[in-house]
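Data first, discussion second: the structure below is written as structure tokens.
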Amino acid sequence: MLLTLIKIRIKALLSGVGSGSKKKTTKGSKILYAILAIYVLVVFLGLFGIIFYQICDAFIAMGLGWLYFAFMGLMIFFLCFIGSVFATQNQIFEAKDNEMLLAMPLKPRDILMSRMVSLLGLNLVMELIVLIPGAAVFIYTNGISLSGAVILVLTALLLPFMVMAVSALAGWLIALISSRMRRKNAVITVLMVVLFGAYMYVCFMWQKYINVLVENGEAVGDAIKKAMPPFYHLGMGIFEGSFGSFAIFAVFAIVPFAVVYWLISSSFVRIATANRGRKRIEYKAKAMKVSGQKTALVKKEMTHFFGSPSYMFNAGIGLVFMPVVAAIVWYQMRKDDVAMIVSLIDTDGSLAGAAVCGILGILASMVTISAPSISVEGKTMWILKSLPVRASDAIMTKAYAHVAISLPCLLLSAVIFEIALSMDVIGRIMTVVYPVVMTVFFALLGLLLNLRFPKFDWINEAVAVKQSMSVFLAVMIAMISSIAPVVLYFLAIRKTELGAGVYVIIVTAVFAALSAALYAVIRKQGVKMWNGMAG
């Protein structure tokens, strides 16, 4: 029975690969996904390969070869932890099928183990993204002994167990804290944004940290040896080919996992069926407010978006970047040297407005709320289709919600930019108009793509939000659409007599016309697609 449960969990994890609708996956869809997967894989392998190449020779020259592998182990650990902690919390403690499985003649420890094995597989995949380039760089530049190679493989198999132990504890803590709060989804979303922000900060500051690491290799090595013995023995085991060090590392990997598994399995039924922290709401008579059909549906879409951490984080991360980027520009402009350079380049303030429009357009392309908005209805779409609402109105409210959610962040960012930069009149007007038009375009584009490529066969909503053809195409087309005008200006328009402000007006008019065309297509062809969907 345990093997059957494991197969079901693995199949569920892989169910998101494909075009995503109940229709047969086309050959073109498979090719597009394969190209995307290869591209992402090559980018990450190349990125980590460059990082390891920068530190390998330096550590060997200092006689700290073990630190190279210890550092690689730390990178794997933190990457896997960040990538799996919320999946662990969701799959183990808040899985929607927990009660259904517990009602069957299944052992709770088998249910728990099946979930942990699938998560171990996920960690192993993420581990290989770092391990392959790290091992390849070291072997290519220094070679490796047979015992070191054997220990490297065994270490790769055991490290996910250490990550799983920490992720399970963190996931339990997140579930415990969030379950005692009325708005637990907001708590989870904030934690996701904080972790992602920390990740982005490290990415931006990476070169600085690499230089510090190389310059202070011995001090860093002593700190890891004293404070992080598992990773010290990991590095010594691989570099020296020491089975003694590997045995110590194995204890650090297996024992915590076994203890965590025992602790959770002994109370899995109570954890999985707990109803902690849910406060009973006492009804209080109030005056009822009546809103129109469209307004009610828009509110429904917005409630769904803000109530789903995976939806918010994956489809709305651009909303966070908008004011953050604007605030960074404002901070930099307060420096005299930066302000002086900008004033020399942009003497009349015409370029500033165009530049801000380009930046906000690119940030707006990172918001894909409408692209999975139909897919996330899932098996409950029949409810929406059964309402006494015209199909065109039911469809368009998803685009309206996209715009309504984006506008506050857009306008806030525009205000910050206008305070921070000196612009001409056209620039100040277009700083508001251009991103709004682009947002409308992206909202309609994502909606039309989701009508064409719906995905209803998902088990976890994150699959519909991240792994559907409509989202993939929306991200790609939006990225190209937002970057193309900027590239075109610098390659061709900048050398002509056409001013930057006039160019932005022309580009805005083009996207407004495209938006009108998309609107017309959705009102006619989109309704036919909607009516043809199972519901």
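Straightening the chain between Gln525 and Val40 buys 171.2 nm, computed as 0.36 nm per residue apart minus the Cα-Cα spacing.
Highest mean first, the peptides 163-170, 506-513 sorted by other C-beta atoms within 10 Å per residue fall in the order 163-170, 506-513.
For Met533, nonlocal amide neighbours, meaning residues 5 or more places apart or on other chains whose placed amide H falls under 5 Å from its own, do not occur. Over 31 Å apart at the Cα level, from the set Lys107/Lys299; Lys294/Lys379; Lys107/Lys300; Lys7/Lys299; Lys7/Lys398; Lys107/Lys226, are Lys107/Lys299; Lys107/Lys300; Lys7/Lys299; Lys7/Lys398; Lys107/Lys226.
Bear in mind these aren't lab numbers, they're just calculated from the coordinates by the rules spelled out. Note that this is a predicted model, so its numbers are computed, not measured. Virtual Cβ from ideal backbone geometry, glycine too; neighbours counted across all protein chains shown.
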